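Read the structure below first, then the notes.
The values are calculated or read from the model by the stated rules, or taken from the named source; none is laboratory data. Remember, predicted model here, so these are calculated numbers, not experimental data. Cβ placement follows ideal geometry from the backbone for every residue including glycine, while neighbour counts extend to all protein chains displayed.
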């Protein structure tokens, strides 16, 4: 199996080049054109990425994240979500990098095999950076009418948060 994985990527690249050659495509021009389009996308999304990163950093540094976590804590305790993962619940829909930093702190304080560590692990793996993804993709494509995207994405995140705690509770005690 290892031999197959060593040759898979080069085989796919050779297959693409062969396909282009057989269909009379100027492969180098197509590659350069694709690279130029990719750089245009990077140029378009960079301001959005900088703004989101800056806002998340300010939220964490100002103590705003801790303040919001303290406010939400009584609500999550009703559905048996550990209070230690509340900062992760708040950060995960906004920033993957910020959520990873919060996750690292949770694991360092509680351990990976603790109930809190397991809930945080499942939560980190089963939810999405909703606001980041929406801002990035809709910003690049200039979509203004998002219809039901936000409501359904936030609903999916809330479901992921709730079922992370429930699943760990049921399967791992």
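Restricting attention to the range 12-30, the residues being assigned to a helix (DSSP H, G or I) and touching a helix residue (DSSP H, G or I) at 6+ places or on another chain (Cβ under 9 Å) number 6. For the range 91-109, residues that are under 10 Å from the mean Cα position of the chain (by Cα) and either at pLDDT 90 or above or not in a helix (DSSP H, G or I) (or both) total 4. Within the range 110-132, if we keep just the residues that are part of a loop (DSSP other than H, G, I, E, B) and under 13 Å from the mean Cα position of the chain (by Cα), the residue that is nearest to residue 80 (Cα to Cα) turns out to be 127. Please verify whether the range 136-147 includes one or more residues that are at pLDDT 85 or above and either surrounded by fewer than 17 Cβ atoms within 10 Å (Cβ to Cβ) or touching a strand residue (DSSP E or B) at 6+ places or on another chain (Cβ under 7 Å) (or both). No, every residue in the range 136-147 fails to be at pLDDT 85 or above and either surrounded by fewer than 17 Cβ atoms within 10 Å (Cβ to Cβ) or touching a strand residue (DSSP E or B) at 6+ places or on another chain (Cβ under 7 Å) (or both). Of all the listed residues (54, 65, 88, 28), the sole one being surrounded by 13 or more Cβ atoms within 10 Å (Cβ to Cβ) and at pLDDT below 90 is 65.
Checking the range 69-80 against the condition returns a match, with at least one residue being in a loop (DSSP other than H, G, I, E, B) and within 26 Å of residue 116 (Cα to Cα). Is it true that some residue in the range 141-148 is in contact with a helix residue (DSSP H, G or I) (Cβ under 6 Å, 6 or more places away or on another chain) and in a helix (DSSP H, G or I)? No.
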